[in-house]
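Heads up: the structure comes next, in structure tokens.
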Amino acid sequence: MASSKISTCLIFLQLIFLLFVFNSANAQLKVGFYKDTCPQAEAIVKKVMDQVMKVAPSLSGPLLRMHFHDCFVRGCDGSVLLNSSTGQAEKDSLPNLSLRGYQVIDRVKTALEKECPGVVSCADALAIVARDVTVATMGPFWEVETGRRDGRVSNFSEPLTNLPPFFANISQLISMFRSKGLSVKDLVVLSGGHTIGTSHCSSFTSRLYNSTGKDGTDPTLDSEYIAKLKSKCKVGDQTTLVEMDPGSVRTFDNSYYTLVAKRRGLFQSDAALLDNSETKAYVKLQSAATYRSTFFKDFGVSMRNMGRVGVLTGNAGEIRKVCSKIN
């Protein structure tokens, strides 16, 4: 009898253990993931970012873009933050060479580690920072789902095939977003992130000097805008920075869509939004809307959608102590 009771007890304990493992491996992101383990996590990030934005507001665009670049390669796992002694990490790849603000993420992580050692992932820190820089530029607030863990792999070649290039056409863009589980609406909404930040001339000068229109210009680009861009960017210019949303570079608003509707989107991938009925309709809707319109709400929803791409949760990955290197 005693033996039977012991066997039953052992089976019960095994079931409890297996259930725990299963739930841990299949844990989901949620708002307030650190409520018990690091309740001040988001407040800590905000405090650091308030300090950073006061002295370096130009980092808002790059830090928002960094989260995007992270999520589209291996999912939102902080792999874009990893260093490589041989220059073979994601951050060393051509599409990521223009990213800036890694030191800001390091600063955020240091503050989090001081308060809650080994608790908050670098991937989550990056997601919260992306929200906070959007708010700091008068953009929308959204509740950030947390619970991501950090990946241990960062590959030089993967950004080349996973990040939508600035010269992509609409079919390529839709295909690349769908491959990440994101919709056509997510594509056109997240493109609105170009309302803040700058770009090097080299990302779009082919539209000014080496295209199919008159004098090598892109016929889909407004002629007056071409003249303005040519005055700033000469052939072969690799260093000059140009505002993606002129006059509104540090204000998160819906003016990006007004520019695209007027054929003044800086990149070919911006202009491509007019080549699909759904994306074009959204551009027209927002370009005609009053300030903020539905774009702010839509952006928060699409950022949450993107933030779920390929995440590591439960027992997968790790919680890095330093974001630039695996434990």
### Summary
Those residues of segment 242-301 which are closer than 26 Å to Glu143 by Cα, of a type outside the set (Ser, Thr, Tyr) and assigned to a helix (DSSP H, G or I) amount to Val283, Leu285, Gln286, Phe295, Phe296, Lys297, Asp298, Phe299, Gly300, Val301
### Query
Can you pull out the residues in segment 92-112 that are more than 14 Å from the chain's Cα centre (by Cα), surrounded by fewer than 24 Cβ atoms within 10 Å (Cβ to Cβ) and not in a loop (DSSP other than H, G, I, E, B)?
Asp92, Leu94, Gln103, Val104, Asp106, Arg107, Thr110, Ala111
### Single residue of segment 262-296 satisfying the filter (of a type in the set (Val, Ile, Thr) and open to solvent by less than 20 Å² (accessible area, probe 1.4 Å)) that is farthest from Lys185 (Cα to Cα)
Val283
### Message
Of the conditions (1) free of Cβ contacts under 8 Å to residues at least 40 places away in the same chain; (2) more than 28 Å from Ser171 (Cα to Cα); (3) in a loop (DSSP other than H, G, I, E, B), Lys230 satisfies every one except a single condition; which number is it?
### Response
(3)
### Subset of segment 45-80 (residues that are in a helix (DSSP H, G or I), over 22 Å from Val189 (Cα atoms) and open to solvent by less than 30 Å² (accessible area, probe 1.4 Å))
Val45, Val48, Met49, Val52, Met53, Ser79, Val80
### Task
Select from segment 118-149 the residues that are part of a helix (DSSP H, G or I) and of a type in the set (D, E, K, R) and write down the one among them that is nearest to Thr294 (Cα to Cα).
Arg131
### Task
Sort out which residues of segment 150-188 are part of a loop (DSSP other than H, G, I, E, B), open to solvent by 40 Å² or more (accessible area, probe 1.4 Å), closer than 15 Å to His69 by Cβ and among the hydrophobic types (A, V, I, L, M, F, W, C), and write them in order of number.
Phe156, Phe166
#### Entry: When residues of segment 102-133 are limited to those that are touching a residue at least 40 places away in the same chain (Cβ under 8 Å) and of a type in the set (Lys, Arg), the one farthest from Glu318 (Cα to Cα)
Arg131
### Task
Tell me which of these Ser191 doesn't satisfy, since it passes every other one: (1) surrounded by fewer than 19 Cβ atoms within 10 Å (Cβ to Cβ); (2) within 18 Å of Gly139 (Cβ to Cβ); (3) touching a residue at least 24 places away in the same chain (Cβ under 8 Å); (4) not hydrophobic (A, V, I, L, M, F, W, C).
(1)
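How many of the residues making up segment 194-208 are in a helix (DSSP H, G or I) and open to solvent by 20 Å² or more (accessible area, probe 1.4 Å)?
Taking segment 194-208 first, the residues in a helix (DSSP H, G or I) are 194-195, 201-203, 206-208.
With open to solvent by 20 Å² or more (accessible area, probe 1.4 Å) added as a condition, the list becomes 194, 202-203, 206.
Result for segment 194-208: 4.
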### Task
For segment 209-241, name all the residues that are surrounded by fewer than 19 Cβ atoms within 10 Å (Cβ to Cβ) and either in contact with a Leu (Cβ under 7 Å, 6 or more places away or on another chain) or under 15 Å from Thr198 (Cα atoms) (or both).
Lys230, Lys232, Asp237, Gln238, Thr239, Thr240, Leu241
## Note on the structure
Conditions (1) free of Cβ contacts under 8 Å to residues at least 24 places away in the same chain; (2) farther than 23 Å from Phe68 by Cβ; (3) outside any helix (DSSP H, G or I); (4) not basic (Lys, Arg) -> Asp218 fails only (1)
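The values are calculated or read from the model by the stated rules, or taken from the named source; none is laboratory data. For clarity, every value in this text was computed on a predicted model and none was experimentally measured. Neighbour counts are summed over all protein chains in view; Cβ atoms, including those assigned to glycine, are modelled from backbone coordinates with ideal geometry. Just the protein is used for accessible areas: all its heavy atoms, side chains included, with ligands, DNA and RNA removed. Shrake-Rupley method; radii C 1.70, N 1.55, O 1.52, S 1.80 Å.
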